[in-house]
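Here's the structure we're looking at; comments come further down.
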Amino acid sequence: MLFDKTVILAFVLALALAFAGCGGNGGNDQGGRGDDDSVGDDDTSGDDDVTDDDAADDDAVDDDSIDDDLIDDDAVDDDAVDDDTVDDDTVDDDTVDDDTVDDDTVDDDSIDDDTTPIDCNAVITRQPYLQSVTQTGITVMWGTDIPGDSTVEYGLTDALGQTVYLADQQIVHLVELTGLEPQTTYYYKATSCHDETTVASFRTAPLRDTPFNFTAFSDNHCHAEIFGPFVDMMIGFDPDFAISVGDTVDDGRDPTQYDPCFFTPAQELFRSAPVYVAFGNHEHFSLTYYGLFSFPGGNNAHFSFTYGNTFFLGLDADVPYIPGLPWYKWLVDQLSSPEAQNAEFRVMFFHQPPYTEGWPGYDGDWVVRLFILPLMKQYHVDVYFNGHTHDYERGWDGTIANYIIGGAGGDLDVWARDVAWDLFYASEYHFLHVSVDGATMTLDAIDQTGQVFDSYQIVH
């Protein structure tokens with residue numbers, strides 16, 4: 001249409017110059033009435049069109065009262081082809097928005113902005129799981145079979161009432177909820193395209209002195225028949241969050257393993273309790289793994305967070321935390337930070353242990369032993385959790401408590417050697433339930449029958 005308009009305007013200008021060249025009020029003038037058009041015009045004054053039919057307009061061919069379009073039919077509009085009253089879209093037509101091609105009455109979008117694109121057919125295949133909770137926010141993630149948009153509705157009751165919408169179409173969906181109240185229960189549901197989840201709930205992080213509890217486990221691998229019943233037991237404790245110390249699958253390079261081995265067996269837990277995962281060796285530095293989570297600080301390899309009165313730090317122990325390397329400096333900065341040092345308890349979790357009594361041919365990780373363990377002692381870490389060895393071990397070396405909790409599903413190892421400060425060993429499937437109340441941390445190891453087979457307290 002721009003080309004047509006240019007041609008016509010050039011034609012009109014040429015005519016105007018031609019008439020100007022005739023001088024004065026030439027023989028075709030209408031008797032000095034303020035009009036300079038030739039015979040063949042039908043308006044009274046103030047118009048220079050060659051052929052026109054309205055009172056005040058400079059269009060070559062037009063039929064409305066105040067408009068500068070070439071062909072148009074509405075009262076106030078500057079579209080080339082349009083039929084609504086107030087709009088500047090290229091193609092527009094009705095009152096109810098349906099995206100892709102715009103159709104509402106008051107809009108200036110070329111592509112519109114409501115929440116259900118007509119061409120979106122994604123189905124939710126991974127139920128919502130929670131990440132990175134704070135006193136004022138939380139991250140909701142889920143998965144779909146094909147790319148789709150992302151909506152989270154949430155509120156203080158199951159009527160919800162507030163919405164966050166992201167139009168970008170993704171397979172792994174991530175929506176951050178912000179501006180929440182501390183220590184508060186919220187309800188939410190997720191939607192992609194026309195598929196939505198049922199309503200679930202979560203709690204924001206508590207104030208410093210509020211008691212809380214969490215569950216911890218490791219090395220579930222691809223044994224949902226063992227891991228699934230443990231998850232049911234964990235749900236019974238109504239934990240505030242869950243910690244996995246790695247080896248969530250058999251081979252992290254295979255993206256088809258994460259749902260049946262990890263997310264699906266634990267979906268009822270993870271949709272109400274945020275999960276934090278320390279990278280294990282069976283994740284194999286997988287880009288798939290890194291894309292499935294959103295831990296504090298934006299780095300899924302190592303991260304820290306404060307919950308209640310306790311500071312937590314998760315590591316990827318496959319990375320060499322050796323002096324002079326940036327990861328080592330990061331670790332020192334985290335452990336020496338005010339958040340860590342002002343906490344009542346300091347907890348670390350990472351996959352490989354410095355020492356172990358299980359697993360013939362493997363007695364622990366030398367990098368952890370030489371470089372991480374001294375830092376934990378220097379900065380007064382209270383307890384650390386490991387996996388890797390498929391057994392249960394609890395120890396105390398006089399300064400720090402240590403746990404191996406690798407019994408969430410992988411084939412069990414057997415006792416192989418004595419470690420002087422290990423106080424309890426069991427080749428037993430299990431998980432850990434931990435409660436924190438003021439200056440007391442209670443750690444209970446729970447077996448497949450739901451019984452506590454080892455219990456320990458750290459009291460300040």
Task: Stretchable slack from residue 299 to residue 457, in nm (0.36 nm times residue separation minus alpha-carbon distance) - done: 53.7 nm
Task: Inter-site label distance for residue 158 and residue 427 at 7 Å from Cα along Cβ, in nm - done: 4.7
- [ ] Mind grabbing the base-10 log of I(q)/I(0) for region 273-424 at q = 0.10, 0.17, 0.20 Å⁻¹? Debye formula, identical points on the C-alpha positions, no solvent, two decimal places.
- [x] -0.34, -1.03, -1.40
TODO: State the extension gain, in nm to one decimal, for the chain segment bounded by residue 201 and residue 251, taking 0.36 nm per residue of separation less the distance between their alpha-carbons.
DONE: 14.8 nm
Open item on the list: At a 10 angstrom cut-off on C-beta neighbours, averaged per residue, how do the peptides 213-222, 444-453 rank from highest to lowest?
Closed with: 213-222, 444-453
Open item on the list: Suppose R0 equals 35 Å. What FRET efficiency, 1/(1 + (r/R0)^6) with r the Cβ-Cβ distance, do residue 448 and residue 290 give to the nearest 0.05?
Closed with: 0.65
- [ ] Compute the distance in nm between two label points, each set 7 Å from the Cα along the Cα-to-Cβ direction, one at residue 411 and one at residue 327.
- [x] 2.8
Open item on the list: For the ranges 383-395, 140-152, what's the packing order if you count other beta-carbon atoms within 10 Å of each residue, average per peptide, and put the highest first?
Closed with: 383-395, 140-152
Task: Under Karplus coefficients 6.51, -1.76 and 1.60, residue-wise ³J(HN,Hα) of region 169-185 in Hz, glycine/proline x - done: 8, 10, 9, 9, 9, 9, 10, 9, 9, 10, x, 7, 8, x, 6, 10, 8
Open item on the list: Can you report the principal axis dimensions of region 261-353 using only the alpha carbons, biggest first, rounded to whole angstrom?
Closed with: 38, 30, 24
Open item on the list: What does DSSP give for region 289-401 in terms of the percent of beta bridges that are antiparallel, rounded to the nearest 5?
Closed with: 40
Task: Calculated P(r) tail over 19 Å for region 390-460, as whole % of Cα pairs - done: 35
Open item on the list: Using the basic label-point model (7 angstrom from Cα toward the beta carbon), what is the residue 337 to residue 168 distance in nanometres?
Closed with: 2.4
TODO: Rank by packing, highest mean first: peptides 190-199, 317-326, with packing defined as the count of other Cβ atoms within 10 Å averaged across residues.
DONE: 190-199, 317-326
TODO: Return the long-range amide H neighbours of residue 355 (sequence gap of 5 or more, or a different chain), with a cut-off of under 5 Å between placed amide H atoms.
DONE: 365
TODO: Would you mind calculating the gained length between residue 178 and residue 235 on full extension (0.36 nm times residue separation, minus the Cα-Cα distance), in nm to one decimal?
DONE: 18.0 nm
Open item on the list: Keeping all protein chains in place and using 1.4 angstrom, which order do 284, 351 fall into by accessible surface area, from largest down?
Closed with: 284, 351
Task: Rg to Rh quotient for region 219-265, alpha carbon positions, Kirkwood Rh - done: 0.98
Open item on the list: For a quick check: with amide H placed at 1.01 Å from N, whose amide H comes under 5 Å from residue 424's, ignoring anything fewer than 5 positions away on the same chain?
Closed with: 394
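The values are calculated or read from the model by the stated rules, or taken from the named source; none is laboratory data. On a predicted model such as this, the values are computed, not experimentally measured, just so you know. As a convention, Cβ positions derive from the backbone with ideal geometry for all residues, glycine included, and neighbour counts pool all protein chains shown. Note: accessible area is taken over every heavy atom of the protein model, side chains too, but ligands, DNA and RNA are not part of it. Shrake-Rupley method; radii C 1.70, N 1.55, O 1.52, S 1.80 Å.
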